[in-house]
1. Checking Leu121 against (1) under 29 Å from Lys153 (Cα atoms); (2) within 11 Å of the ligand (Cβ to nearest atom), which test does it fail?
2. Could you tell me whether any residue of region 69-77 is under 19 Å from the mean Cα position of the chain (by Cα) and part of a loop (DSSP other than H, G, I, E, B)?
3. How many residues does region 2-23 contain that are surrounded by 21 or more Cβ atoms within 10 Å (Cβ to Cβ) and either farther than 22 Å from Glu90 by Cβ or within 12 Å of the ligand (Cβ to nearest atom) (or both)?
4. What residue, among those in region 34-76 that are among the acidic types (Asp, Glu) and within 14 Å of the ligand (Cβ to nearest atom), is nearest to Leu148 (Cα to Cα)?
5. Looking at this structure, is Phe47 farther than 19 Å from Phe123 by Cα and aromatic (Phe, Trp, Tyr)?
6. Could you identify the single residue in Val94, Val146, Val49 that is among the β-branched types (Val, Ile, Thr) and either under 24 Å from Glu160 (Cβ atoms) or in contact with a Cys (Cβ under 7 Å, 6 or more places away or on another chain) (or both)?
7. What's the total number of residues in region 62-111 that are farther than 24 Å from Ala8 by Cα and of a type in the set (A, V, I, L, M)?
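The values are calculated or read from the model by the stated rules, or taken from the named source; none is laboratory data. Keep in mind the model is a prediction, meaning the values are calculated, not measured. Here the Cβ positions follow ideal geometry from the backbone for every residue, glycine too, while neighbour counts run over all protein chains shown.
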Amino acid sequence: MNLGCGNAEFSEDMYDDGYKNIVNIDIASNVIEQMKGRNKSRKNMVFEVMDVRDMQYDDNIFDLIIDKSTIDALLCGENSYINVAKMLKETQRVLKDEGYYMIISYGKPENRVNHLERAHLDFEVSIYTIKKDFEEEKDLNKVHYVYLCKKRKGANDKSEKYFDEVIQQLVDQEKMENSLDNDDVNYDDQENDYDEINNYEIPFDEEDLEIENYEYYDKYLNMENKIQDQDLNSKFDENKLSKTITSDKDYNDIKEKLKSKSKNDTLPIINSKIKK
Ligand SMILES: C[S@@+](CC[C@H](N)C(=O)[O-])C[C@H]1O[C@@H](n2cnc3c(N)ncnc32)[C@H](O)[C@@H]1O
């Protein structure tokens, strides 16, 4: 199967090389019509309008599924992680046990492997590179990547078990990220602001920040006044907000302090370490 075939010549070249039994799917009906017209003479080549996130095929029927940049396209859109998780679930489902899903992508392993290793998937992943035919002068990425994913036996059961959980996690994550993105904040400015405050100790570990800082962060965003003058140093000390948090009690103390601050107070927040 060619997943998200577009109007590339990939499938017809394969057909002409002897691979006669190819199913092509794409969500764009105009593309599928164009491809049907172009390939009338290639019997047995199937073109269907279909969403890769919801395939109308039985389980375990394809030997090989090729994805040339379809995962890249989904990763560029809205709700990208969720869409990719759904696409990969479906791809795994319709693939035979020990069949191969081959992704040809411009995405580096650090931006792709995480998607292939989610809890609802069970692929054995090998990574290859193909040197690009031509390179733009500024193009630092001199290769295409091939992710060859072999479906392990029992993968569909794993998917049934963990898929809802994975989706829920991704929904929560996207919500969180959207709420941060919607706020009109210049992170660089904040970082500079922070640095100007005499390099006070940042009060959390990085791991703490991931979960706990959102509350602080929201508070910061709600404040109209920015950290701005030398006065701040004294306020900063005064409120002991630079204290390193070592226990739940410390954490709660600081939380209480923050709650009690008025809107006009400046808040030496820990924004420079906030992870987006
Ligand atoms: C970057 S293009 C790659 C096309 C082709 N594979 C190629 O190599 O040129 C991505 C393709 O994925 C298709 N696509 C995007 N979202 C899709 C979805 N949810 N279901 C099916 N196809 C989708 C697009 O219509 C487009 O043809």
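1. (2)
2. Filtering region 69-77 for residues under 19 Å from the mean Cα position of the chain (by Cα) gives 69-77.
Then drop every residue that is not part of a loop (DSSP other than H, G, I, E, B), which leaves 69, 77.
Yes: region 69-77 contains one or more residues that are under 19 Å from the mean Cα position of the chain (by Cα) and part of a loop (DSSP other than H, G, I, E, B).
3. The total comes to 5.
4. Asp67
5. Numbers: farther than 19 Å from Phe123 by Cα: yes; aromatic (Phe, Trp, Tyr): yes.
Yes; evaluated as a whole, the condition is true for this residue.
6. Values: Val146 fails: either under 24 Å from Glu160 (Cβ atoms) or in contact with a Cys (Cβ under 7 Å, 6 or more places away or on another chain) (or both); Val49 fails: either under 24 Å from Glu160 (Cβ atoms) or in contact with a Cys (Cβ under 7 Å, 6 or more places away or on another chain) (or both).
Of the residues listed, the single one that is among the β-branched types (Val, Ile, Thr) and either under 24 Å from Glu160 (Cβ atoms) or in contact with a Cys (Cβ under 7 Å, 6 or more places away or on another chain) (or both) is Val94.
7. 2
To keep it simple, each residue is scored yes or no on (1) farther than 21 Å from Gly4 by Cα; (2) at pLDDT below 95; (3) in a strand (DSSP E or B).
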site	(1), (2), (3)
Asn83	no, no, no
Lys89	no, no, no
Glu98	yes, no, yes
Ile103	no, no, yes
Glu110	yes, yes, no
His115	no, no, no
Arg118	yes, no, no
Leu121	no, no, no
